[in-house]
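Throughout, read-outs are computed from the coordinates displayed, never taken from laboratory work. The shown structure was predicted, so the numbers you read here are calculated from the model rather than taken from an experiment. Virtual Cβ from ideal backbone geometry, glycine too; neighbours counted across all protein chains shown.
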Amino acid sequence: MRARYVVDTNVLIAASAADPLHPKDIDATPPDPQLRQQVWAWLHAFEQSPSHMVLDLANKIYDEYTHKLGFSDYGIQVVMHKWSTAAVDFVDVAYDANGSGVLPPRLARVVHDEADKKMVAAALAAQQQYGEGCIAFAGDTDWHDWEQELAAHQVLLEPIIEDWSRRKHAEKKRR
């Protein structure tokens, strides 16, 4: 496990759906319970690790989390745990008039998902501030579209269910 992560919202959602103590009946990707369990296992390992969670000072990432999940959902509880153990690193992210994270021009042309721009901007800020910016993701295959350009900007990706996400990404490309 790396020292710090920007955790994509889909990780928190899938892990909350698979929580063995309080599973949440929510629409999560992937739909396969075994894959969701793998996402839960990663998030549980992250929760127990000394790794830090990266959030933006404006709380737009946290706002997205709480828009998708409730306070008692496992994903939010992991965020609370990281906060309570001083394992959250806040980074300054610039936002445009639409509320999207501001990215360097080359990345702005590639990252088409407005909601993911704040995640990328936070990873870039973490890279600059701490020497490492990594985004952990699960059900969103768009990250694979952007991985070359992200790597060129020293943003690392950690696909939690990589075989599944690469297969789904390849299927999407064939369409």
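Taking the DSSP bridge list for the chain and keeping only pairs wholly inside it, about 5 percent are antiparallel. For segment 122-175, the relative contact order works out to 37 percent when only alpha carbon pairs closer than 8 Å and six or more residues apart are counted. Taking amide H as placed 1.01 Å from N in the peptide plane, MET53 has its amide H under 5 Å from the amide H of TYR5, VAL88, ASP89, each at least 5 places away in sequence or on another chain. Once the chain from ASN59 to ARG106 is taken as fully extended at 0.36 nm per residue, the excess over their C-alpha distance is 14.4 nm.
Per-residue ellipticity at 222 nm, computed for the chain from helices alone with -39500 (n - 2.57) per DSSP H run of at least four residues, works out to -16500 deg cm²/dmol. What pairs in LYS60/LYS117; LYS60/LYS82; LYS82/LYS168 have C-alpha atoms more than 19 Å from each other? With Cα atoms farther than 19 Å apart: LYS82/LYS168. Between ARG174 and THR66, what FRET efficiency comes out of the Förster formula 1/(1 + (r/R0)^6) with R0 = 30 Å and r the beta carbon distance, rounded to 0.05? Once rounded, the FRET efficiency stands at 0.25. When peptides 120-130, 105-115, 14-24, 28-38 are sorted by average Cβ neighbour count within 10 Å, with the highest value leading, the order is 120-130, 14-24, 28-38, 105-115. With contacts taken as Cα pairs under 8 Å at a separation of at least 6 residues, segment 4-174 carries a relative contact order of 26 percent.
Compared with the direct C-alpha span, the chain from ARG166 to THR85 gains 25.8 nm at full extension, assuming 0.36 nm per residue. Full extension of the chain segment joining ALA115 with ASP32 gains 27.4 nm, where the gain is 0.36 nm per residue of separation less the Cα-Cα distance. Computed 3J(HN,Hα) for segment 97-102, one whole-Hz value per residue from the Karplus formula 6.51 cos²θ - 1.76 cosθ + 1.60 where θ = phi - 60°, is 4, 8, x, 8, x, 7, glycine and proline marked x. Summarising the amide proton neighbourhood of ASP140: residues at separation of 5 or more, or on other chains, whose placed amide H is nearer than 5 Å comprise an empty set.
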